[in-house]
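The values are calculated or read from the model by the stated rules, or taken from the named source; none is laboratory data. Every value quoted in this text rests on a predicted model; they were computed, and no experiment measured them. Note: ideal-geometry Cβ built from the backbone for every residue, glycine included; neighbour counts use all protein chains shown. Just so you know, the surface numbers come from the protein's heavy atoms only, side chains and all, with ligands and any DNA or RNA stripped out. Shrake-Rupley method; radii C 1.70, N 1.55, O 1.52, S 1.80 Å.
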Amino acid sequence: MVKKKLVLSAMAVLATLSLAACSSKKSSSSSETAGTHASVKLSTNYKNTAKTDSSATKNGTLKLAEVNDSPFQGITDPILASNTEDADVFAPGGQDNLFNVDKNYKIIDGGLANQRLSRKNKTATITLRSNAKWSNGSKVTAKDIEYAYEVVANKNTTSQQYSSDFNAIKGMAAYHSGKAKTISGITYPDGQNGRTAVIHFTKMSPSMKFSGNSFIWGTVEPYEYIKNVPIAKLASSKQIRKNPIFTGPYKLDKVVEGESTSWSPNKYYWGKKAQIGHISINVVSSNNIDKAIQSKKYDSVVPNASGNLGGTDYKNLKSLKNYKIVGQPALSYNYFAFNLGYYDTKTGKNVSDPNAKMANKNLRQAMMYALNQDQILKKFGNGVSWRANTLIPPVFQKYYDASEKGYTLNLKKANKLLDQAGYKKRNGSKWRSDPKGKALKIYFGAMTSNAANMASYQDYLQQWHKIGLNVQYTGGKPMEMNSFYDTLQKPKQDKMDIWAGAWSVSSEPSQSQLYGDTAAFNMGHFVTKKNTELINKMNDSSAWNDTTRTKTFKDWQKYMNEQAAVVGGKFSYAWAPVNKRVKGFNVSPANNEFYSNLTLTSSKLQ
């Protein structure tokens, strides 16, 4: 189980890190959402009563599909991976997670390590279990805990996970800027090769109790295995790409670059031993996945908290004989974002440019009011996807604001906003020019995806054309996922003015890693004093009062809707079809031994 922020493909999104995605097709379970809402009820657990076939389990292969329209990048390290697809295809390795969690992602004892927080001493003490080993048999050490922070925060790292919250660790700011070679605030009571690391903070946050928070990193790094590789070159090293090691129930047997991974039980795993002899994970395109499941080529899709399948898939697969649907509210959402500035690599901060093409708030609001997300998702959502009214998904019941309206279709208002801001048609032109009278061409970035998403993109363009805006695809057509994110993740880019993306979000809803002024994932470079204040307040001393913290989250959602720099597009369920030969398939966050609990009831798919 990953708990980050990641980017998603046109169909998916992630959980302890922050990851990016493309144009997702998902949904959640709240019935109070603005616009449409999930109209189906799904269980997280397939309670298969059939008897396990021990021979079929021991000698068989669990066949999983990873739904994606691009090859996966092949970065096994959860700190360096920036998209959910890599997290998915290497998930049987356990993603090097330190902690077990309950159903609400609260950290509990019993994982690779236990955590003790002291508000009085401003420390987090992380103690590894005595039998913690990597899949090559080497011991997991306190240095492996610490080295993760070095990889996240190194001045030359390729990781996207750093944010200013990590500066609460003593000595972290000096290390991140390159002024110090070590992080003074992380100590080892019984030495680097011991089992305990203590993290010393300048302040504590209530979010530290939950996995995926933005202060305490949730995975380990194999220091002895990778210490001779410069951190800047780690993502391309053979230790990460070709011969990675893991702490989870399965070890990697083979990678076919961009296409598949295969696994067998890790004899050094500290937890419940893996029971299935082999697992294979193959990339399957969004246009082929339904037929592949219908023809029984796969037991299921790789489950993740963001989801890989959408409304059209649900319509096609929900009544399929010999498959059971399981699911939960997704830790993800789709969004629209505007390019408002650049990332200053010298200061490590995002900078908003008041002269950027999309800097006018009226222009951004008008483009959102022009869209008819309710109609699109009524047509394609099939009860498992609906319009997002904020940037906090409903899975966070306490912090999600159901009262926010978000953006519904209102062409009259869109036209009025543009007129007021001086975006007018001049000299008989079909298109509006900017307030200075210059021709205005807006480039829309989108990822190649399934037919439903491609039809949605076309509808967006038509709606924007209706209000006189000359909006065209970046490059003339939707982009391949890796190219899309390569463009967005440049410190400065002018290829996309607005784009449709998706986030797999952390299992703790703080926003500094996505939208903070130092966040690498803040790819629209939206920075204001108020945004920074609200994000900081989510985890300052006032946040220990839960009523205050809840209000801060709701104030932030309202503010972001008003600014329209990033606007929610779609909420969803994360769901999966499971073949009836699979036993133990339970996607609840509390199932910390997901892959170890799986068995088979027959040697062939049912």
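So between Lys424 and Ser260, what do we pick up on full extension, going 0.36 nm a residue minus the alpha carbon distance?
The span from Lys424 to Ser260 would gain 53.9 nm if fully extended.
Divide the volume of the convex hull of the Cα atoms of region 507-606 by its number of residues and quote the answer in cubic angstrom per residue.
Normalising the Cα hull of region 507-606 by residue number yields 165 Å³.
Under the Karplus relation 6.51 cos²θ - 1.76 cosθ + 1.60, θ = phi - 60°, what is the ordered set of whole-Hz ³J(HN,Hα) values for region 521-533, x standing for Gly and Pro?
6, 6, 6, x, 6, 7, 9, 9, 4, 5, 4, 4, 4
State the antiparallel share, in %, of DSSP beta bridges confined to region 414-525, rounding to the nearest 5.
30
With an 8 Å Cα cut-off and a minimum separation of 6 or more residues, compute the relative contact order for region 230-341 in percent.
Relative contact order of region 230-341: 14 percent.
Taking Cα pairs under 8 Å and at least six residues apart, what relative contact order does region 166-306 come out at, in percent?
11
Measuring from label point to label point, each 7 Å out along Cα→Cβ, what is the Lys490 to Lys551 span in nm?
4.5
Run the numbers on the chain and let me know its relative contact order in percent, using alpha-carbon pairs under 8 Å that are six or more apart.
27
For region 428-502, what is the convex hull volume of the alpha-carbon atoms per residue, in Å³?
Enclosed volume per residue, from the Cα hull, is 104 Å³.
Under the rule of at least 5 residues apart or a separate chain, name every residue whose amide H is placed under 5 Å from the amide H of Arg581.
Gln606
Of the peptides 353-360, 525-532, 79-86, how do they stack up when ordered by the mean number of other Cβ atoms within 10 Å, highest first?
So the order, starting with the most tightly packed, is 79-86, 525-532, 353-360.
Quick one: Karplus J couplings for region 548-557, per residue in order, coefficients 6.51, -1.76, 1.60, θ = phi - 60°, nearest Hz, x for Gly and Pro?
The phi angles translate into 5, 5, 4, 4, 4, 4, 6, 4, 5, 4 Hz.
What does the extension gain come out to for Trp544 and Lys349, with contour length at 0.36 nm per residue minus their alpha carbon separation?
Length difference between fully extended and current span is 67.4 nm.
Measuring from centroid to centroid over Cα atoms, what is the spacing of region 496-575 and region 150-202 in Å?
Taking the Cα centre of each part, region 496-575 and region 150-202 sit 24 Å apart.
Report the paramagnetic label zone for Val229: residues of region 77-99 whose backbone N is under 13 Å from a point 7 Å from Cα along the Cα-to-Cβ axis.
77-81
What is the extension gain from Asp102 to Thr187, computed as 0.36 nm multiplied by their sequence separation minus the C-alpha to C-alpha distance, in nm to one decimal?
27.8 nm
Return the whole-Å distance between the Cα centroid of region 363-399 and the Cα centroid of region 447-468.
15
Using a 1.4 angstrom probe on the protein heavy atoms only, line up Glu593, Glu259, Glu562 by accessible area, largest first.
These residues rank, largest area first, as Glu259, Glu562, Glu593.
Would you mind getting me the FRET efficiency between Asn243 and Ala439? Use the beta-carbon distance for r and R0 = 56 Å, nearest 0.05.
0.55
Would you mind telling me the share, in percent, of accessible area of region 235-288 contributed by carbon and sulfur at probe 1.4 angstrom?
46
List the residues whose amide H sits under 5 Å from the amide H of Ala388, counting only those 5 or more places along or on another chain, with H placed 1.01 Å from N in the peptide plane.
Gly569, Lys570, Phe571
Could you state the accessible area per residue of the chain in Å², with a 1.4 Å probe and every protein chain left in place?
38
Given only helices, namely DSSP H runs of n ≥ 4 each adding -39500 (n - 2.57), what is the per-residue ellipticity at 222 nm of the chain, to the nearest 500 deg cm²/dmol?
-6000 deg cm²/dmol
Please sort 386-397, 437-448 by packing, taking for each peptide the average over its residues of neighbouring beta carbons within 10 angstrom, highest first.
Ranked from most to least packed, the peptides come out as 386-397, 437-448.
Taking θ = phi - 60°, what integer Hz values does the Karplus form 6.51 cos²θ - 1.76 cosθ + 1.60 yield along region 392-399, in sequence order, with x for Gly and Pro?
So the Karplus estimates, Gly and Pro as x, are 10, x, x, 4, 8, 4, 6, 9 Hz.
Using a 1.4 angstrom probe on the protein heavy atoms only, could you order Phe380, Phe90 from most to least accessible area?
Phe380, Phe90
Leaving out ligands, DNA and RNA, what percent of the accessible area of region 46-158 is carbon and sulfur, probe 1.4 Å?
44
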